[in-house]
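Peer 1: One structure is given below, represented as structure tokens, and several questions about it will come after.
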Amino acid sequence: MAEGLVDGTVPPLPPRYRFRDLVLGDHYAEGEDRVRVEFYINERSFKERLQLYFIKNQRSSLRIRVFNFFLMAVSCTLYCVRVILDDHRHIACHGCTPKNFSNTTENWWGLLWVNRPVWLWALQVSIAIIMLFQTVLMLYLQHKGNICQQLMSITRILEFLNTIPFIITLFWPPLRNLFIPVFLNCWLAHAILKNMLNDLNRALQKIQTAFSQQVIILCSMLLCLIFTSICGVEHLERAAPGVDGKMNFFQASYFVIVTFSTVGYGDIQVNVWPSQLFVAIMIIAALVVIPIQLEQLAFYLLERQKQGASYSKHRAASEKHVVVCATCIQADLIMDFLNEFYAHPHLQDYFVVLLSPVELDNTMRLLLQIPIWSQRVIYVQGSALRDQDLQRVRMDDAEACFILSPRNVMDRHEADQQTILRTWAVKDFSPNLPIFVQILKPENMFHVKFADHVVCEDEFKYALLANNCLTPGTSTFVTLLIHTLRGHEGSDSDSQWMRMYGRSSGNEVYHITLGDSKFFGEFENKSFIYASFHAHKKYGVALVGVKKDEEDSEIQLNPGPKHIMQASDTCYYFNITKEENSAFIFADSDPEKEREHKRKDSKSSLHNEPSSSSKIHSIIASVGTLAIEYYHHGATRQHGAPTESRSDLLSRQSQSQETQEGNHNAVDTQEQGSMAIELQERRANDPAREALVTGKPSTSSGRNLLIPPAGEEERVPGRRRPSILPVLEIMSSDPEDEETGITFTAEKVETEVDGDIEDIKVWDAKNESDWMKGYPPVAPYIGYTPMFSHLLANPRKLCCLELDQPCSHSNHHCARDYNWPNNSIIVAVESTAPGLYNFIVPLRAHWRPKHTLKPIVIMVEKRPDTVFLESIAAFPLVYYMIGSIESLDDLLRAGILQADTVVVVDRESSKLAEEDYMADACQVVAVQTMFKLFPSSTIITELTHPSNMRFMQFRAKDYYALKLAQKQKLSFVHAYLKGKLKSNVKGKREKERGANLSYMFRLPFAAGNVFTASMLDTLLYQSFVKDYMIIFTRLLLGLDQAHGSGYLCEMKITTDDLWIRTYGRLYQKLCSTTFEIPVGIYRTQMQSDSKSELSVTIDDDDQSSTCLSEERAALAELVRSKMKKLGLPESDYDAEATEKRSALSYVLINPGFDTKLELDDVIFIIRPAGGPNASSPMPPRRKYSTRRPKTEGEKREEPQGSMDTRL
């Protein structure tokens, strides 16, 4: 036993004890000695119980202080009553005979004796007994140390002075009329009030700020000072000679107030020297005490202004509000939020509460003083990690909480950590509150997966940049979609491209249930493709997605023709405004025709199966707007009239388009938020209509515009005869239904892909067999959702990933040595991050043809870590190299001469700039150097501040850009001087209407050559109203893959496609063959394009052109010398490229049905998942994405967009 204790182990109990414990339990020890320990026995004594009740217990001590405050107030009130009832002629002790005093001498006995009625004396004695008892009791309970120190305190002296004399009058009746300064109890009440405020904060959890508490104390002190002065002057003036010289209580109050206010009328004055001395003392005390209190009050006031206000409980109960939490309140960040949040009509009555731990800067203070924001935005300084601050902003009663990350921070991981803690704190405080979180790094997303909506900046940024490389203008396309614009931007411009671009910028994503929709309700039980085409032709809306009313259903972009629309489906469409704010105006207002039109619609909606008659009507309705317009023109022409030529018809169509634009502008004058849609009325009894169906010539003049004249295909040997197939209501198993009796003269589209065979054979057979489609084997970060992509069956060695470093498996020194069949994509970053993985995945998506994949070269300044390299080793044609865009040698080794696109990502180290807007200085200068050396390169740049995009590819002699910027400034100043800066005024520019895209008409942004992460902020803000926006955008950019959902891709209009002529006919062509849905146009118009309606003429200075040519020659010589040093052939460099702007580019979202197509237009299309059996009727995509050798003298034009100098 001893050895066990020495070793530190306790030996087990003998078996008999263990059995006894099991059988008897606790009862076996009843006979043994047991000790029960009681705790806190010292609090059971009489003194401790009294201390617990009077002092320690917060609630009971607060009740006692409230009772004492009430006693003090009653005693002061009884003193005032005694003064009012006092008779100055009876001045003597109780029961004594009053003495007579002359009117010329002072009556000093009046200061000692007063006239106190018996009932008043009884009340004052009762109060005095209670006060004295409580004072003695507190002395007993609080006795520690020397009792004399407690007795000599001012509070105890006042208590004894106003209580003991009343106790003495019980035993000596003549002293009942003795004057006792009961009015000094107001100072005791003042001390009790200060203690009560502290108890309120502790016991009742009342949130009293230091400022409000100081205001209460100051008011209480001023009141006590005035009351003491009034009572003291009134009593001292009792010694004045004569009855008329004495002051009553009202006169004393008037005198003190006039004296303290430094007015001093002099109509009332004090007559005896004690009262004069007392007034002087009180004035000195006021001059000393009041400034000290005012100084403290001013200090607390300044501190409160820094901390902001609190959102009141009453307002939270009656009004709706949202809370915005951020590390620092930046003017740009908050203005973007406010502009986008209040752009929705249903949110105009909401309050926005800003919660931040830092003090507001001067810019934000001035901003919040603007009347439009001062009434709706409240700033509160505090931390989201403190429950008290969350209570101040009424987080429990809020409609939502937005947690934003700072934009310009050096350590983005630290910023995400702060965001994560704020999200956890808000979720813990209010579990049911909707939370909208903005995070920077994708590897931190899994910490906030529980939030209702999460936007990761790096994830969306890299995906957007990747799509921008293949589909130019994607960044502008998405940015305009997620911003709330009115569609009036640029409407007063003289440039046609600005009017078209500004009008299409108002398109947004909206949703509606099919059964409740006027746009799509008539397409119930019809295919999705049919509904999309006819909704666009009839109403001008683009139906792009749908969601079934089923559990766990997802949004599907272009689910294809096999999806049959149901009344419960949710439709997602692009339009200027939502359907609820639209007005439907028919062009023909004949009531009989309207009823006939509705009757036909109701009959057609009853057919669930595609009968022969319904198919005929479907085909007739699908022939396109040009055919309908042709029918209108032909029907109104009399029999025997001369035949209208093709050119006359096209000119007439152009005039019709201009007339429609004028009607559209006229409709814009209606109430804001509404849209007028003209519906073309169709006639059923027309010979031309039969010609469109049967192919037979009609009796009226003209011909079918969809089918060229007979024999036209013979005039062009080897050329197929173009036509547009109808869009059927429901997919039929037989592509040609013989029951309809309809035959099309056009041949079927060839399924094989024509083109250069050598482009396909460049891929080595042995390497091609190693390719596969699957999910990446290595996840780049926790929480990443794998995407089905092109992969290598055997991931490459890490040494083979470095582009310019030979290894045992490769002997290449630069990009040119690889001899890639397609031009590459160079992405320049400061350091590799997991978010860069989202740049690679969209470019290696499984639906992209293998022969169109472009090599990716990652130019990084710091060597990547092993984890990142292992995650990208399975992707084909992905390389990295150590280098910088500031080095010409690194650019040449990376293959900038063989690159289609160079993507320059923002540098995190640039956030250290002393001046905030100088964070982009290094980036801008480096890109400008690249532009000078390689003018033909397409460069996409990410910036920190949107205002710096005007410096991208800066040209000092670019008169068009300078005139464009100058006009915007002059328009803004002119409108500001006239006081017309209102958001609902039609015809103002984007700044004048309060739009949050002041850079919208900047040429780099319109062309999609510049991007800022702040453009994605509104995606989170719009999710408060449109909860599907984040999911929709992820599907559009390829960040997510939903079952049955399509994907965004592009196609280019070539000379072989110009016969289609209009966007509406292209819509029909795609819907009827490949089931693809066009959603926009990226248009590039050259200066020398004389056929374009929007062609541009730029006047340049001859002298400046000469100087530029000399500078260009010097730069070309520099590049050639570097290429010679690196062993690169000098013939790869295009020395004749010019920096002069030759084109402009812009994006048209959901253009009109009659918008004319132009050469080199890039069409944004949403292709269905899996694709149809037939290939696209357009030229192979490979022609647009494959590198082709340049012929001698051919120049690579810079895709900058359309240009028009008519300002």
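The values are calculated or read from the model by the stated rules, or taken from the named source; none is laboratory data. Remember, predicted model here, so these are calculated numbers, not experimental data. Here the Cβ is made from the backbone with ideal geometry for all residues, glycine too, and neighbour counts use every protein chain on show. Areas reflect the complete protein model, heavy atoms only, side chains present, ligands, DNA and RNA absent. Shrake-Rupley method; radii C 1.70, N 1.55, O 1.52, S 1.80 Å.
Peer 1: Do we find a residue being at pLDDT 85 or above, among the small types (Gly, Ala, Ser) and either open to solvent by 40 Å² or more (accessible area, probe 1.4 Å) or over 28 Å from Ile576 (Cα atoms) (or both) anywhere in the range 340-359?
Peer 2: Yes, there is a match, as at least one residue in the range 340-359 is at pLDDT 85 or above, among the small types (Gly, Ala, Ser) and either open to solvent by 40 Å² or more (accessible area, probe 1.4 Å) or over 28 Å from Ile576 (Cα atoms) (or both).
Peer 1: Using the structure shown, decide if Thr1054 is open to solvent by less than 10 Å² (accessible area, probe 1.4 Å) and among the polar types (S, T, N, Q). Let's see the steps before the verdict.
Peer 2: Details: open to solvent by less than 10 Å² (accessible area, probe 1.4 Å): no; among the polar types (S, T, N, Q): yes.
Answer is no for this residue.
Peer 1: Evaluate the following for Leu333: is it touching a Phe, Trp or Tyr at 6+ places or on another chain (Cβ under 9 Å) and on the phi < 0 side of the Ramachandran plot? Walk me through how you get there before you give the answer.
Peer 2: On the way: touching a Phe, Trp or Tyr at 6+ places or on another chain (Cβ under 9 Å): no; on the phi < 0 side of the Ramachandran plot: yes.
No; evaluated as a whole, the condition is false for this residue.
Peer 1: A further question follows. With the condition being at pLDDT below 65, I'd like the helices (runs of 4 or more DSSP H) fully within the range 1-90 carrying at least 1 qualifying residues. Spell out the reasoning first.
Peer 2: On the way: elements: 2-7, 15-24, 46-51, 58-85.
Result: 2-7, 15-24.
Peer 1: Which residue, of Ala833, Ala845, Ala779, Ala828, is open to solvent by 50 Å² or more (accessible area, probe 1.4 Å) and under 31 Å from the mean Cα position of the chain (by Cα)?
Peer 2: Exactly one of Ala833, Ala845, Ala779, Ala828 is open to solvent by 50 Å² or more (accessible area, probe 1.4 Å) and under 31 Å from the mean Cα position of the chain (by Cα), namely Ala779.
Peer 1: Additional query: Suppose we filter Asp458, Asp492 for residues that are open to solvent by 10 Å² or more (accessible area, probe 1.4 Å) and not small (Gly, Ala, Ser); which single one remains? Quick ask: steps written out before the conclusion?
Peer 2: Details: Asp458 fails: open to solvent by 10 Å² or more (accessible area, probe 1.4 Å).
Matching residue, one of Asp458, Asp492: Asp492.
Peer 1: Related question: How about the range 820-910: which strands (runs of 3 or more DSSP E) wholly inside it have at least 1 residues that are under 23 Å from Met949 (Cα atoms) and at pLDDT 90 or above? Break it down into steps so the answer makes sense when it comes.
Peer 2: Working: elements: 824-829, 856-860, 878-882, 899-904.
Where strands (runs of 3 or more DSSP E) fall fully within the range 820-910 and carry at least 1 residues being under 23 Å from Met949 (Cα atoms) and at pLDDT 90 or above, they are 824-829, 856-860, 899-904.
Peer 1: Can you name the helices (runs of 4 or more DSSP H) wholly within the range 339-432 that have at least 2 residues being within 18 Å of the chain's Cα centre (by Cα) and closer than 23 Å to Leu1019 by Cβ?
Peer 2: Working: elements: 362-368, 371-374, 387-392, 412-429.
Ranges flagged: 412-429.
Peer 1: Out of (1) open to solvent by 10 Å² or more (accessible area, probe 1.4 Å); (2) touching a helix residue (DSSP H, G or I) at 6+ places or on another chain (Cβ under 8 Å), the odd one out for Gly1044 is which?
Peer 2: For Gly1044, the exception is condition (2).
Peer 1: If we keep just the residues of the range 105-117 that are in contact (Cβ under 8 Å) with a residue 40 or more places away in the chain and hydrophobic (A, V, I, L, M, F, W, C), which is most open to solvent (accessible area, probe 1.4 Å)?
Peer 2: Filtering the range 105-117 for residues in contact (Cβ under 8 Å) with a residue 40 or more places away in the chain gives 105-108, 110-116.
Pick out the ones that are also hydrophobic (A, V, I, L, M, F, W, C) and you get 108, 111-114.
Working: Trp108: 114, Leu111: 41, Leu112: 70, Trp113: 36, Val114: 1 Å².
The residue in question is Trp108.
Peer 1: Does at least one position in the range 143-163 carry a residue that is assigned to a helix (DSSP H, G or I), under 18 Å from Trp113 (Cα atoms) and at pLDDT 85 or above?
Peer 2: As a first pass, look at the range 143-163 and keep what is assigned to a helix (DSSP H, G or I): 147-151, 154-161.
Filter again for under 18 Å from Trp113 (Cα atoms), leaving 161.
Okay, now just the ones that are also at pLDDT 85 or above, so 161.
Scanning the range 143-163, I find at least one residue that is assigned to a helix (DSSP H, G or I), under 18 Å from Trp113 (Cα atoms) and at pLDDT 85 or above, so the answer is yes.
Peer 1: Return the residues of the range 250-276 that are open to solvent by 50 Å² or more (accessible area, probe 1.4 Å), modelled with pLDDT of 80 or more and within 17 Å of Phe227 (Cα to Cα); say none if nothing qualifies.
Peer 2: Scanning the range 250-276 gives Phe250, Gln251, Tyr254, Ile257, Gln276.
Peer 1: Of the residues in the range 561-587, how many are in a strand (DSSP E or B), at pLDDT 90 or above and out of contact with any helix residue (DSSP H, G or I) (no Cβ under 6 Å at 6 or more places or on another chain)?
Peer 2: Counting residues in the range 561-587 that are in a strand (DSSP E or B), at pLDDT 90 or above and out of contact with any helix residue (DSSP H, G or I) (no Cβ under 6 Å at 6 or more places or on another chain) gives 6.
Peer 1: Please pick out the residue among Leu433, Leu421 that is aliphatic (A, V, I, L, M), more than 30 Å from Tyr837 (Cβ to Cβ) and surrounded by fewer than 23 Cβ atoms within 10 Å (Cβ to Cβ).
Peer 2: Values: Leu421 fails: more than 30 Å from Tyr837 (Cβ to Cβ).
The conditions single out Leu433.
Peer 1: Looking only at residues in the range 1099-1154 that are part of a loop (DSSP other than H, G, I, E, B), among the polar types (S, T, N, Q) and open to solvent by 20 Å² or more (accessible area, probe 1.4 Å), which one is modelled with the lowest pLDDT?
Peer 2: Filtering the range 1099-1154 down to residues part of a loop (DSSP other than H, G, I, E, B) leaves 1099-1101, 1127-1129, 1133-1142, 1150-1154.
Cutting the leftovers down to among the polar types (S, T, N, Q) gives us 1138, 1142, 1150.
Filter again for open to solvent by 20 Å² or more (accessible area, probe 1.4 Å), leaving 1138, 1142.
Numbers: Thr1138: 63, Ser1142: 66.
If we take residues in the range 1099-1154 being part of a loop (DSSP other than H, G, I, E, B), among the polar types (S, T, N, Q) and open to solvent by 20 Å² or more (accessible area, probe 1.4 Å), then Thr1138 is modelled with the lowest pLDDT.
Peer 1: Can you tell me which condition Glu522 does not meet? The list is (1) more than 32 Å from the chain's Cα centre (by Cα); (2) of a type outside the set (A, V, I, L, M, F, W, C); (3) assigned to a strand (DSSP E or B), and all the others hold.
Peer 2: Looking at each condition in turn, Glu522 falls short on (3).
Peer 1: If you don't mind, another one. Checking the structure you have, find out if any residue of the range 563-570 is among the hydroxyl-bearing types (Ser, Thr, Tyr) and open to solvent by less than 10 Å² (accessible area, probe 1.4 Å). Before you say what the answer is, go through the steps one by one.
Peer 2: Step one: filter the range 563-570 for residues among the hydroxyl-bearing types (Ser, Thr, Tyr), giving 568, 570.
Subsequent filtering for residues that are open to solvent by less than 10 Å² (accessible area, probe 1.4 Å) retains none.
Checked the range 563-570: no residue is among the hydroxyl-bearing types (Ser, Thr, Tyr) and open to solvent by less than 10 Å² (accessible area, probe 1.4 Å).
Peer 1: Restricted to the range 911-923, and to residues that are closer than 17 Å to Thr1012 by Cβ and surrounded by fewer than 20 Cβ atoms within 10 Å (Cβ to Cβ), which residue is modelled with the lowest pLDDT? Break it down stepwise before answering.
Peer 2: Of the range 911-923, the ones closer than 17 Å to Thr1012 by Cβ are 911, 913, 916-923.
Okay, now just the ones that are also surrounded by fewer than 20 Cβ atoms within 10 Å (Cβ to Cβ), so 911, 913, 916-918, 921-922.
Working: Lys911: 63, Ala913: 57, Asp916: 71, Tyr917: 75, Met918: 81, Ala921: 84, Cys922: 85.
Out of the qualifying residues, it is Ala913.
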